[in-house]
Amino acid sequence: MSSAAVLGPTLDFLAELAGDGRALEFAIGTGRVGVPLRERGVPVVGIELSEHMTAVLRRKIDESTLPVVIGDMAATVVPGEFTLVYLVYNTITNLLTQDEQVECFRNAARHLEPGGRFVIELGVPPLRFLPPGQVAVPFDVSEQHLGFDTFDLVEQILVSHHFTRDGDDGRYRRGNSRHRYAWPAELDLMARIAGLELERRVADWDGAPFTQDSAKHISVWRKPT
């Protein structure tokens, strides 16, 4: 995810939308996107819940160059207005209720100047792969890693399960994480509640058309002037 092949189109897309203004990254994490975007000349501010991830970011760049506020992206407010607020790599699904996700959109709108954009990168829920009675979908089966998602179709909760082989003894380390998945149309309604309008939806950072077969989408909502 940090390779030039992945980051290049992402940074091109975001830098164009930021223009001459400032960008705010929700859930900036270790700075995989925010740090190189700042190095391109876009002033970036971050919000991040994890102090541990922020500490990793701090080893890459100092506070005066890229300020980060510790807090919840659905509620934390930072000073000033921004031409761009963005949230990448499925991170909105870390908010486990619809109400929290709506508040995330409202918080984005709160920080945008008129005409500013809110961008989300999010996978399309792979429910087409679920035959009747099945609740699990594998997404990686390799020598070092087994990954599959299980779904609660009523609550829209996805649990991502990982079995990762460590060392040469053949043992696997198990981990999992919970997410609330959402459809593009549901996000559009959240945006409308927050006073934002859908401007564009594409299948990837290169701008490929979004179709019924797309595995993910990059959506851009605009705050009216």
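The values are calculated or read from the model by the stated rules, or taken from the named source; none is laboratory data. Please read all numbers here as calculations on a predicted model, not as lab measurements. So basically every Cβ, Gly included, is an ideal-geometry build from the backbone, and we count neighbours across all protein chains shown. The area values use the complete protein model at the heavy-atom level, side chains included, leaving out ligands, DNA and RNA. Shrake-Rupley method; radii C 1.70, N 1.55, O 1.52, S 1.80 Å.
Counting only trypsin sites (Lys or Arg not before Pro) that are in a DSSP loop and have at most 14 other C-beta atoms within 10 Å, tell me the longest site-free stretch of the chain. Numbers along the way, then the final one.
Working: sites that count: R40, R59, R171.
That gives 60-170 as the longest site-free run.
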Per residue solvent-accessible surface (Å²) - segment 97-225, probe of 1.4 Å = 56
What angle do you read, to the nearest 10 degrees and between 0 and 90, between the alpha-carbon axis of helix 98-111 and the longest principal axis of the chain?
-> 30
Could you work out how far the C-alpha centroid of segment 1-67 sits from that of segment 98-166, in angstrom?
-> 22
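So what's the projected area for segment 34-74, the Cα convex hull averaged over all directions, in nm²?
Numbers: hull surface 11.0 nm².
For segment 34-74, averaging the hull's shadow over all directions gives 2.7 nm².
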If each Cα of segment 66-142 is one equal point scatterer, what is log10 of I(q)/I(0) from the Debye formula at q = 0.12, 0.14 Å⁻¹?
-> -0.48, -0.60
Can you give the extra length, in nm with one decimal, that the chain gains between E113 and I157 once fully stretched, where that is 0.36 nm per residue apart less the Cα-Cα distance?
-> 12.5 nm
Relative contact order computed over the chain (Cα-Cα under 8 Å; 6+ residues apart), in percent | 17
Among A15, A23, A109, which one shows the biggest mean-square fluctuation in a GNM of the chain, springs joining Cα atoms closer than 10 Å?
-> A15
GluC sites (Glu not before Pro), restricted to segment 143-224: which are DSSP loop and have at most 14 other Cβ atoms within 10 Å?
-> E143, E155
Roughly speaking, what is the stretch gain from F148 to R40, that is 0.36 nm per residue apart minus the C-alpha to C-alpha distance, in nm to one decimal?
-> 35.3 nm
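Under Stokes-Einstein, with the Kirkwood radius over Cα pairs standing in for Rh, what whole-number D in µm²/s applies to segment 1-120 at 25 °C and 0.890 mPa s? Could you put the intermediate results ahead of the total?
Details: Rh = 14.2 Å.
Estimated diffusion coefficient is 173 µm²/s.
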Just I47, I70, I28 to compare: in a GNM of the chain, with alpha carbon springs under 10 Å, which one fluctuates most?
-> I70
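With charges set only on the Cβ (+1 for Lys and Arg, -1 for Asp and Glu), what does the dipole of the chain come to about its Cα centre, in debye to the nearest 20?
Computed about the Cα centre, the dipole is about 80 debye.
Shape call for segment 135-190 from the C-alpha gyration tensor, a ≥ b ≥ c root eigenvalues: rounded (a/c under 1.5), prolate (a/b greater than b/c) or oblate?
Numbers: a/c = 3.25, a/b = 3.01, b/c = 1.08.
Cα axes put segment 135-190 in the prolate bin.
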Estimated inter-spin distance, F129 and D99, nm [label 7 Å along Cα→Cβ] | 3.3
Any idea what angle helix 184-193 forms with the longest principal axis of the chain, computed on alpha-carbon atoms, 0 to 90 degrees, nearest 10?
-> 30
Cα-projected label distance for D62 with A4, points at 7 Å along beta-carbon direction, nm | 2.8
Along principal axes, Cα extents of the chain, largest first, whole Å = 50, 39, 31
Can you pull the percent of the chain's accessible area that's carbon plus sulfur, 1.4 Å probe, other chains left in place?
-> 53
Under Stokes-Einstein, with the Kirkwood radius over Cα pairs standing in for Rh, what whole-number D in µm²/s applies to segment 98-164 at 10 °C and 1.306 mPa s?
-> 107
Take the chain, connect every pair of alpha-carbon atoms lying under 10 Å apart with a spring to form a Gaussian network, then pick out the residue of L130, L49, L122 with the largest mean-square fluctuation.
-> L130
Relative to the longest principal Cα axis of the chain, at what angle does helix 4-18 sit, 0 to 90 degrees, rounded to 10?
-> 30
Computed [θ] at 222 nm, deg cm²/dmol, the chain (DSSP H ≥ 4; -39,500 (n - 2.57); rounded to nearest 500) = -7000 deg cm²/dmol
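I need the calculated FRET efficiency for the pair E81 and D169, taking r as the beta carbon distance and R₀ as 45 Å, to the nearest 0.05. The partial results should precede the final answer.
On the way: r = 54 Å, r/R0 = 1.20.
That gives a FRET efficiency of 0.25.
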